[in-house]
Amino acid sequence: MNVMDIEFPNLGLYLKDVPKTIHLFGSFTIAYYGIIIAIGICLGILTAAHLAKKYGGNSDIVWDFAIYAVIFSIVGARTYYVIFSWDYYRHDLLSIFNLRNGGIAIYGAVIGAFATLFVYCRVKKINPFKLGDFCVPGLAIGQAIGRWGNFMNREAFGEYTDNLFAMRLPVNAVRVRDISESIAAHMEEGAEYIQVHPTFLYESMWNLLLFIILMTYIKHKRFDGEIILIYLGGYGLGRLWIEGLRTDQLLFPGTNTAVSQVLAGVLVVFAVVTEIIVLSVRKKKKNSISEEK
């Protein structure tokens, strides 16, 4: 198996010489990871602008907000990763700023985006829940596309599996620290590849499904912020089980507990409880108005 190959043997799919980068003008190199992330961001913004225009919002505000959201999402993604990988960075602080070596976490990006949303809307004196409802379907499709950057980088994979979607990667193409004991134990003698869950694919497909649900339901939403809650609960539910498969989990210091898995569970509970409370309050108000009449 060539170091640049990626195989899905149970699907009969054998990809040869899958590149990680593209070379321009002979010397300038761009990672496909960055290109794919950029495509996801652009499509996400276009989706949000489209929804704003279609459902009575201001698409210009979406574009203006997107500038800040992208910047602080990147900051949030890197900060989140560094905080929970501090043992790796504390001896070389300058490496914190070297994004070309990887090291961003999508939850940090989501946190950065939502923090930016509420600050931006407070400054502009607009409804953050209405704007957020336009933006989260774009966030979902952006994540669905962005996960293919992990595919190109041969990262964000799971434990050993022999299921239908089992993926084989050359050992020399992945980080040693991502090869778990379980994966190593299932390596055939003399084999130069590992066989794992393609968790990037699972999450990409989950986010695509979530995107379809959000795009379908947005015209039926019952209150501003409901699409945000569906996104948070839906994404959290998927991440809760997918994160449990991955070998590159960010852990709480001194524990074997995955940070993203705990956060995913919290988001699911928060989304469900908040939805119930808001609908209950709305129902009481509606009944009260009916009684007064």
Counting only residues in the range 1-28 that are in a strand (DSSP E or B) and not aliphatic (A, V, I, L, M), the one surrounded by the most Cβ atoms within 10 Å (Cβ to Cβ) is identified as Glu7
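Please state which one of Val176, Val196 is over 23 Å from Lys16 (Cβ atoms) and β-branched (Val, Ile, Thr). Spell out how you get there, then give the answer.
Numbers: Val196 fails: over 23 Å from Lys16 (Cβ atoms).
Residue meeting the stated conditions: Val176.
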From Ser288, Ser260, Ser280, residue being buried (at least 17 other Cβ atoms within 10 Å of the Cβ) and either assigned to a helix (DSSP H, G or I) or touching a residue at least 40 places away in the same chain (Cβ under 8 Å) (or both): Ser260
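Go through the range 165-218 and give me each residue that's part of a strand (DSSP E or B) and among the aliphatic types (A, V, I, L, M). It would help to see each step written out before you state the result.
Step one: of the range 165-218, the residues part of a strand (DSSP E or B) are 167-170, 193-196.
Correct list: Met167, Leu169, Ile194, Val196.
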Matching entry among Arg100, Arg122, Arg78, Arg90 (being at pLDDT 95 or above, among the basic types (Lys, Arg) and surrounded by fewer than 22 Cβ atoms within 10 Å (Cβ to Cβ)): Arg122
Going residue by residue through the range 202-213, is there one that turns out to be under 21 Å from Ile179 (Cα atoms) and at pLDDT 95 or above? yes
Residue satisfying all of: in the range 214-253; out of contact with any Phe, Trp or Tyr (no Cβ under 9 Å at 6 or more places or on another chain) and aliphatic (A, V, I, L, M); surrounded by the most Cβ atoms within 10 Å (Cβ to Cβ) among these: Leu240
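The values are calculated or read from the model by the stated rules, or taken from the named source; none is laboratory data. What you see is a predicted model; the values in this text were computed from it and never measured. Cβ coordinates were reconstructed from backbone atoms using ideal geometry, including for glycine residues, and neighbour counts include every protein chain displayed.
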